[in-house]
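For reference, the structure is listed below as structure tokens.
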Amino acid sequence: MSKLFSTDFAGRSISLKVDYVAGQADGAALATYGDTVVLVTAVSLKTTREGVDFLPLTVDYQEMTYAAGKIPGGFFKREGRLNEKEILTSRIIDRSIRPLFPKNYFHETQLMASVLSVDNENDSDVVALLAASAALEISNIPFKGPIAGVRVGRVDGAFVCNPSQELQERSDMNLFLVGRKIVPGTEGRPYDVNLVMMEGGANEIGEETIVDAINFGLEAMRPVIDLQDKMRQEAGKTKREVAPPCIDENLFAKVSEAALPGLTAGYGIARKLERYAKLDEVRKAVHQKLAADDPALKPKVAEIIELLERRILREMIINQKRRIDGRSTTEVRPISSEIGLLPRAHGSALFNRGETQALVTTTLGTIHDEQRMDYIAGEERRSFLLHYNFPPYSVGEAKPLRSPGRREIGHGGLSRRALLPVLPPKEEFPYTIRVVSDILSSNGSSSMATVCGGCLSLMDAGVPIRDTVAGIAMGLLKEGDQVVILSDILGDEDHAGDMDFKVCGTEKGVTSMQMDIKIDNLTGDILRKALSQAREGRIHIIGKLRETITQPRPDISAYAPRITTVKVRPDKVRDVIGSGGKNIRQIVAETGVEINVEDDGTVTIASSDADAAARAVAMVKWLTEDAEVGKIYKGTVKKIVDFGAFVEILPGTEGLLHISQLAKERVNKVTDILKEGDEVMVKVLEMDKQGKIRLSRKEALGADGQ
């Protein structure tokens, strides 16, 4: 029998319905927030695959087009591959729940979140995250929840929880936070809500405001956490038993004796590939010595070696105050960069930080190059694109090339958010901008290298960005009361650490953030210190970027299209287009430009040929200008009558050329001077209140050599 649980969440009712649908899944929750409805199912197999020593977790968030009363486009008329928003939301759920399964739980697990109904007021991401937690909570799958998610905005200086689409457009902040219930609480509270994951952007917001926004969001989660507690008590299943990790002490001692000296020496090598080669050599030697005759021991030995490596690295940093490459905790790796290295690219930059290297290019296009994003909540036209590529050679591997994975999409989205706030308004710079980051070498923080290289590339392309943007990845190691925050972390430090915190922004404030946390007790003081240390590192990097280029180039590349904007009256738009697009086709055929006309009268003309663009502009103005008294025009004779001729001086604008105004001498018949189709120079003598125009040829004689 179905059970319904509801509460107030940010001033609106939200409900969870369980034991209602998808009865053969281990857990299923139907969450409703306004008219937004999301079903999440959780299934975890009862058996494990042989040799699997990790959690095979899959999370898929999908938006069904019928949720918005739409039929899918395309030939097949059904939902296809996940779009960018679906991938990013899948990542948010995955990153939030993955750390909360038991360390030695290796059963294949799948969560599917299906958006069944959507409105423009209630965010389906928030609903999907809540339903995912609820499905796991009521299932027999072991899970250290409950968790909840909120979106925090700031409108007119006030924080808003789960803002509507209209409020999001007015907000200068968009943070998606996920928090987890931690017992016991502090300061007399029954429980605390600790940050688990954070993703979002802001318009150069200060660090202290970011901390306040996080605290606001975590407190706002309490009603839906309490709701899940009540739901689990009334409808939850008994969790599966998971044996605690058990290490063979005798084997541990043998592996330690054989591996510790070599592993310690390996982590004293600063260069990544040399270090990895040494560590691989040690691992192989230990396996050969202890597990050559017993294949069953290999995974146990590998587990112990991995544990030893983590201990060695954390011991080095926390107790010996020494990092792999010898840096202090706040020190950023050596930085170098150059711009303009690709002669035909509109903008290019090569950014190096330690062993991480990114080649970033900028290409300028027209409005026809915009990307159309078709979501169930509506269509988005995107004029700023950022694509991140991570080829296998960047980490010394050889793999088949595939389409971008979720990691690449996620890093691209983070970098795009970082640069978006400093871009010029479309009215001032009417280009479609595509930035591509190819990671050539990676040893941590490649997404932050993309932000730095992207900023340089934009300036090299002559894009008038407002300020310099940089990004830095922060790490954390916490043992008891000892806390070490690391600036500009390496890949190994990320793997062995307790936090991966990426912060991007200008000197003024933060523009983009992403955080994943592996520990429960991330305090506000630690968060403030991490943000403060990140700001110091970011400003240092900005200084290094300005050594390469201080401001955007004054002009765009000679190979980029030149875009000229002409403004005409909205009622003249049809004159520019012409019947069936005749006029636009004629302009394109005669000049070779690319032209686009908006309903508000904005006409954009793009061409790499300045003369062709000027001719196109003149043609548009000719099509849309009004007749002016005293001005001479080259007109076309449209009709001849006994008393004169009707001459078209502008598209759709005709005037009367009276027989008395044909020549300085007397004219007996109009056809003695003109015939239909002739081009003739005429001067506008008069325009009456009804718009009738009087023309004169004799006043214009000599204007064209007549």
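Derivation of every value follows stated rules applied to the coordinates shown; laboratory data play no part. It should be emphasised that the depicted structure is a prediction, and the values quoted were computed from it without experimental measurement. Neighbour counts are summed over all protein chains in view; Cβ atoms, including those assigned to glycine, are modelled from backbone coordinates with ideal geometry.
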For region 145-193, convex hull volume per residue from C-alpha positions, Å³: 83
Label Glu479 and Met687 with points 7 Å out from Cα along Cα→Cβ: what is the distance between them in nm? 8.5
Å³ per residue of the Cα convex hull, for region 249-318? 78
Proxy reagent accessibility, fewest Cβ within 10 Å first, across Phe176, Phe643: Phe643, Phe176
Once label points are set 7 Å from the Cα along Cα→Cβ at both Asp600 and Ala158, what is their separation, rounded to one decimal in nm? 2.9
Footprinting exposure proxy for Arg78, Arg417 (fewest neighbouring C-beta atoms within 10 Å first): Arg78, Arg417
Between Glu219 and Gln551, Cβ-based FRET efficiency (R0 35 Å, step 0.05) works out to 0.25
What helices does the chain hold that run 18 Å or longer along their axis, going by alpha-carbon atoms, with a Kyte-Doolittle average of -1.0 or more, using DSSP H for the helix calls? 84-97, 124-138, 207-220, 249-266, 297-318, 406-419, 446-460, 524-548, 610-624
Members of Lys399/Lys478; Lys237/Lys298; Lys85/Lys518; Lys582/Lys639; Lys17/Lys518 lying beyond 27 Å, as alpha-carbon distances in this model show: Lys399/Lys478; Lys237/Lys298; Lys17/Lys518
Which residues in region 102-128 have a backbone N closer than 16 Å to a point placed 7 Å from the Cα of Arg12 along the Cα-to-Cβ line? 115-128
Cut-off under 12 Å on the C-alpha distance; same-chain residues fewer than 8 positions from Lys3 excluded. Which aspartates and glutamates are left, in chain and number order? Asp19, Glu234
Can you put Val255, Val667, Val21 in order, fewest other beta carbons within 10 Å first? Val21, Val667, Val255
Net charge, Ile587 excluded, C-beta distance under 11 Å - Lys, Arg +1, Asp, Glu -1: +1
When a/c reaches 1.5 or more, the comparison of a/b and b/c decides; with that in mind, is region 438-483 rounded, prolate or oblate per its Cα gyration tensor? oblate
For 508-521, 618-631, ranked highest to lowest by mean beta-carbon neighbours within 10 Å, the order is 508-521, 618-631
What length, rounded to one decimal in nm, is gained on full extension from Asp294 through to Lys426, with 0.36 nm per residue of separation minus their alpha-carbon distance? 40.9 nm
Go ahead and run the numbers for FRET between Lys237 and Met64, Cβ-Cβ distance against an R0 of 30 Å, rounding to 0.05. 0.60
Rg/Rh of the chain (Cα atoms, Kirkwood Rh), to two decimals, equals 1.12
Cα pair count fraction exceeding 19 Å, expressed as % - region 632-696: 21
I need the calculated FRET efficiency for the pair Asn83 and Ala270, taking r as the beta carbon distance and R₀ as 35 Å, to the nearest 0.05. 0.25
How far apart, in nm, are two points set 7 Å out from the Cα along the Cα-to-Cβ line at Lys567 and at Arg49? 6.1
Based on the mean of other Cβ atoms within 10 Å per residue, sort peptides 200-207, 244-251 so the most packed one is first. 200-207, 244-251
Output ordering of 128-136, 568-576 (per-residue mean of other Cβ within 10 Å, highest first) is 128-136, 568-576
